[in-house]
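Scroll down for the structure; my scribbles are underneath it.
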Amino acid sequence: MRDYRYLRERMVRDHIAARGVADERVLAALREIPRHEFVPEHLRTQAYTDHALPVAGGQTISQPYVVARMTELLGVEPAHSVLEIGTGTGYQTAVLARLARRVYSLERVPELAREAIARMRELGYDNVKIQVFDGTVGWSEVAPFDRILVTAGAPAAPQPLLDQLAPGGRMVIPEGDRQAQRLMVYEKDAEGRVSASAHDPVAFVPLVGRHGWDSE
């Protein structure tokens, strides 16, 4: 039987903290969440390596360092309401659920959404709501959001997501072309003005939708 707790500790120590992620709440979440439960069964032996792994629907589960880095940039506080675009298998969703008051997550692949909903229930994350929908238009019924995290590469920040960001809010999104992007952080001040800053280079699957890329 594999010692997943030890593997998580080693992953956090060697691949995340050693690369500069210092937010203790983020590190604690990654030490606790069983990533092996979020990857296909035949890939469980690779669950705690620092690699993205393929999942259903032509999607991926992001490498742990990128999950940690994006979450640290997002700066989630316990009282926050968070919108996630791209549920995938739900690993990043679970990380957010450990940090925020409430997480709303949109996924365009029905199979992934169904599995993620079941996984959240099994693991006891009861502050998460997942829906199948075009994430590029956001979730206006439950907006505004203190934080928005986009887990797919966009050509530009979708305007509906910026509109649904609360004053004082922050959004992290990979922007660029279909093959390579850079993490962008958008912040909205109390008057509604939006500023942007560029961070790490990354490579995500494309953000497909009305305000993203066309499906190929």
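The values are calculated or read from the model by the stated rules, or taken from the named source; none is laboratory data. In this text the structure is predicted, and so the values were computed from the model without any measurement. No Cβ is skipped: glycine too gets one built from the backbone with ideal geometry, and neighbour counts run over all protein chains shown.
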Arg35, sole failed condition from (1) free of Cβ contacts under 8 Å to residues at least 60 places away in the same chain; (2) buried (at least 16 other Cβ atoms within 10 Å of the Cβ); (3) basic (Lys, Arg); (4) farther than 17 Å from Leu112 by Cβ: (4)
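Restricting to the range 138-172, name every residue that is of a type in the set (S, T, N, Q) and crowded, with 20+ Cβ neighbours inside 10 Å.
Thr151, Gln164
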Any hit, the range 24-31, residues being among the hydrophobic types (A, V, I, L, M, F, W, C) and in contact with a strand residue (DSSP E or B) (Cβ under 9 Å, 6 or more places away or on another chain): no
Residues satisfying the stated conditions in the range 188-207, i.e. farther than 11 Å from Leu73 by Cβ and not hydrophobic (A, V, I, L, M, F, W, C): Lys188, Asp189, Glu191, Gly192, Arg193, Ser195, Pro201, Pro206
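Those residues that are among the small types (Gly, Ala, Ser) and within 20 Å of Val76 (Cα to Cα), I need them from the range 5-47; list them, please. Before the answer, list the steps.
Residues of the range 5-47 that are among the small types (Gly, Ala, Ser), as a first pass: 17-18, 20, 22, 28-29, 47.
Listed by number, the residues that qualify are Ala17, Gly20, Ala22, Ala28, Ala29.
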In the range 16-32, the residues that are closer than 22 Å to Arg119 by Cα and aliphatic (A, V, I, L, M): Val26, Leu27, Ala28, Ala29, Leu30
Some residue of the range 114-123 being surrounded by fewer than 18 Cβ atoms within 10 Å (Cβ to Cβ) and touching a strand residue (DSSP E or B) at 6+ places or on another chain (Cβ under 8 Å): no
Test: residue in the range 50-59 that is polar (S, T, N, Q) and modelled with pLDDT under 95: yes
Single unsatisfied condition, Gly168 versus (1) at pLDDT 95 or above; (2) under 27 Å from Ala52 (Cβ atoms): (2)
Lone unmet requirement of (1) buried (at least 18 other Cβ atoms within 10 Å of the Cβ); (2) part of a helix (DSSP H, G or I) for Thr45: (1)
Qualifying residue in the range 185-202 (condition: among the hydroxyl-bearing types (Ser, Thr, Tyr), outside any helix (DSSP H, G or I) and in contact with a helix residue (DSSP H, G or I) (Cβ under 6 Å, 6 or more places away or on another chain)): no
